[in-house]
Structure formats: C-alpha cells, structure tokens
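Some notes on the structure that comes next.
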Amino acid sequence: MTVTKHVAVLMGGWSSEREVSLRSGKACADALARTGKYKVTPVDVTRDIAATLTALGPDVALNVLHGRPGEDGTLQGILEILGIPYSHSGVMASSVAMRKDVAKTLLAAAGVPMPGGCIANRFEAAKQHLLPPPYVIKPIAEGSSVGVFIVREDHAHPPQELTRPDWHFGEMVMVEPYIAGKELTCAVMGDKALGVIEIVPTVKFYDYEAKYAPGGSKHILPAPVSDEVYAACQKYALLAHDALGCRGVTRTDFRYDDTKPGLEGFGCLEVNTQPGMTETSLVPEMAQHAGVSFEELVSWMVEDASLDR
C-alpha cells in the first residue's frame, strides 16, 4: 500500500488533561499506522511547537490535544500561520466552544435548551450560595469535569476549595442549576449526528477519573430513552455543532431529568471540540455503532483536515 500523507499526531501539551491527551494521541497514531496509508509522527506538544512543525514538515496535523492550547484556538492559529491543514474545529469555533459562558449564550440564541444560572468570581461563589442547592459550579474554560463541584442540599456553604491559592482554573466560574437524571451524549461526524449514549458512572460523580479510568463508568448504546429524547439529542448535537461553526468531529453532552414530561427536563451542558479518543472514549464507541471502525474514524479525520476551518 502506498503511503499518501505524512501525519503529525499532536498530543500532550501542558493542560490539566495532558495525560489523557497522550493516551488519545497514542491510540490515534497506532490506528493510523495500522492502516499502512500514512507516515505517522507522534508529537508531544511543547511551547516551541511552531519550530518543531517547521522542521518536521508534515502534510497534515491530527490535533488530539485536550484543553489549552490545543482546544481553545491557539494551536489552530499556529497551524493556520504555518499552512499545515489540521483536523477538528478552526480558530473561532475552538475559542468560542472553550469559553463555556460565550458558547452558552450562542447556543441558547440558536435554540439549544440550556440551563439557567450565572457567571461569578470564584471568591463570590465560595462566599454564599448563588443559586438554591442543588447546583453546579464549574470553570468557564476547562474540560473533562476538571474543577467541577456539585453543591447539594445538605451543603451548608459552597466549596471552599474555590479560594485555595493553588486554584489554577481561572478567576471566573459558571454556576448552574443541577439537572438530576441521565447523562447523555451524542457525537457529530461531519454533517451527521451519530448515536446517543447514556453514561452511567460507577462512582457518585462522573468526574475526570470516571471518564478515563477503565470501569469508571458504563456506556449504554443506544441510550434507553424515548424516541423523542433520542432524536432531541441528535438534533441539538448537530444544531450546537453548526451554531458554533464547528468542523470535523465534536461531542455534545446533555442532562435529562426523566421524571419530568416530554423534553421539560432536557438541557445541554457543553460542546467538546476535541473529544477524547482513548480506549474508553465515547466517540469511537458511537462511530463503531454506526459501522465506522476506529481506524476508519481516525483516517476520516485526517482526510477531512484543511485550513481556514
């Protein structure tokens, strides 16, 4: 088989999600190598990434970073300047999606059901309950449930961890009502919504460990919800993808309170422009359910790569 492209698989970086990015990157690099169609170079992204890529001269960059700088538009801007076609979303969509407060405003304007709430300084959020419990506090620019707190009815005061001097998730946080019930997620691949998964944590909260540790959660595909809710997940995942101007593969997360009628208990949490690609990740599972193997999925992302995304 003829090797057609030199692919730099960008992974690692220095965000709080570095380790899972390394795992995602290795899985993708191995998958591309198995196809026999590509020359594959894994690249652990450091702050001299522009010089590294200039020396390497790849045809395509497969961006498998999670968090900053790979998910917020920064790396995308460097790739645009260097003229290296890349996967996933472009500069603007990546930047907007990473800022949960900005994305929430745009998604709500597009008709995606979003929970209410407010934006606050972390010290204000730690001083008193800004919403009636239960509610959720989360950083406005982190992923993988990093720095997220669920404040329940029996909590006398908000989490004081917000005031710690070693807090490094930003000064502003998002405070939203907690939606009880099911955790649902749906991926978009190009212009098509894939299947819907229900995520059932084996721990109290679907946190970073539950997302990426084997056995941390159970994935049910197709999700055991009504046809109406299943279709809503697919509809709003595609609408959210388009509203933010995303490209390639994204994954949108939802909560659904099944004790309420119809779609009354349905709400969107966020759009992930760089979803995980590890052995326990959701997007490969949804693609497999749609008849797309992991090797085919990763190859599709490489072939979909472009500039000016």
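Can you tell me how many residues in the stretch 1-45 are in contact with a Gly (Cβ under 8 Å, 6 or more places away or on another chain), more than 20 Å from Glu296 (Cα to Cα) and part of a loop (DSSP other than H, G, I, E, B)?
4
Filter the stretch 217-240 down to the residues that are part of a helix (DSSP H, G or I), of a type in the set (Gly, Ala, Ser) and surrounded by 15 or more Cβ atoms within 10 Å (Cβ to Cβ) and list them by number. Give the steps one after another, and end with the answer.
The initial filter retains those residues of the stretch 217-240 that are part of a helix (DSSP H, G or I), namely 227-240.
Then drop every residue that is not of a type in the set (Gly, Ala, Ser), which leaves 231-232, 237, 240.
The answer is Ala232, Ala237, Ala240.
Based on what the data block shows, is Ile179 touching an Asp or Glu at 6+ places or on another chain (Cβ under 6 Å) and either among the β-branched types (Val, Ile, Thr) or surrounded by 20 or more Cβ atoms within 10 Å (Cβ to Cβ) (or both)? Step through it out loud before you land on a result.
Working: touching an Asp or Glu at 6+ places or on another chain (Cβ under 6 Å): yes; either among the β-branched types (Val, Ile, Thr) or surrounded by 20 or more Cβ atoms within 10 Å (Cβ to Cβ) (or both): yes.
Considered against the rule, which asks whether it is touching an Asp or Glu at 6+ places or on another chain (Cβ under 6 Å) and either among the β-branched types (Val, Ile, Thr) or surrounded by 20 or more Cβ atoms within 10 Å (Cβ to Cβ) (or both), Ile179 comes out as yes.
Across the stretch 241-253, what is the total count of residues that are outside any helix (DSSP H, G or I) and either acidic (Asp, Glu) or over 27 Å from Leu62 (Cα atoms) (or both)? Let's see the steps before the verdict.
Initial filter on the stretch 241-253 (outside any helix (DSSP H, G or I)): 244-253.
Okay, now just the ones that are also either acidic (Asp, Glu) or over 27 Å from Leu62 (Cα atoms) (or both), so 253.
Count: 1.
Which of the residues belonging to the stretch 145-194 are small (Gly, Ala, Ser) and either on the phi > 0 side of the Ramachandran plot or free of Cβ contacts under 8 Å to residues at least 40 places away in the same chain (or both)?
Within the stretch 145-194, Ser145, Gly147, Ala156, Gly170, Gly181, Gly190 meet the criteria.
Sort out which residues of the stretch 71-106 are under 18 Å from Val302 (Cβ atoms), assigned to a helix (DSSP H, G or I) and in contact with a Lys or Arg (Cβ under 8 Å, 6 or more places away or on another chain), and write them in order of number.
Gln76
Of the residues Asn121, Asn63, which single one is within 26 Å of Leu244 (Cα to Cα), polar (S, T, N, Q) and either over 20 Å from the mean Cα position of the chain (by Cα) or surrounded by fewer than 18 Cβ atoms within 10 Å (Cβ to Cβ) (or both)?
Asn121
Could you run through the stretch 254-285 and say how many residues are outside any loop (DSSP other than H, G, I, E, B), of a type outside the set (D, E, K, R) and within 20 Å of Thr202 (Cα to Cα)? Quick ask: steps written out before the conclusion?
Narrowing the stretch 254-285 to residues outside any loop (DSSP other than H, G, I, E, B): 254-256, 266-272, 282-285.
Then keep just the ones that are of a type outside the set (D, E, K, R); that gives 254, 256, 266-269, 271-272, 282-284.
Retained after the next criterion (residues that are within 20 Å of Thr202 (Cα to Cα)): 254, 256, 282-283.
Number of matching residues: 4.
Can we say His168 is surrounded by 14 or more Cβ atoms within 10 Å (Cβ to Cβ), modelled with pLDDT under 90, more than 30 Å from Val292 (Cβ to Cβ) and not β-branched (Val, Ile, Thr)? Give the steps one after another, and end with the answer.
Details: surrounded by 14 or more Cβ atoms within 10 Å (Cβ to Cβ): no; modelled with pLDDT under 90: yes; more than 30 Å from Val292 (Cβ to Cβ): yes; not β-branched (Val, Ile, Thr): yes.
Here the answer is no, as His168 does not meet what is asked.
The values are calculated or read from the model by the stated rules, or taken from the named source; none is laboratory data. These numbers were taken from a predicted model, which means no experiment stands behind them. A quick note on method: Cβ atoms are made from the backbone with ideal geometry, for glycine too, and the neighbour counts reach across all protein chains shown.
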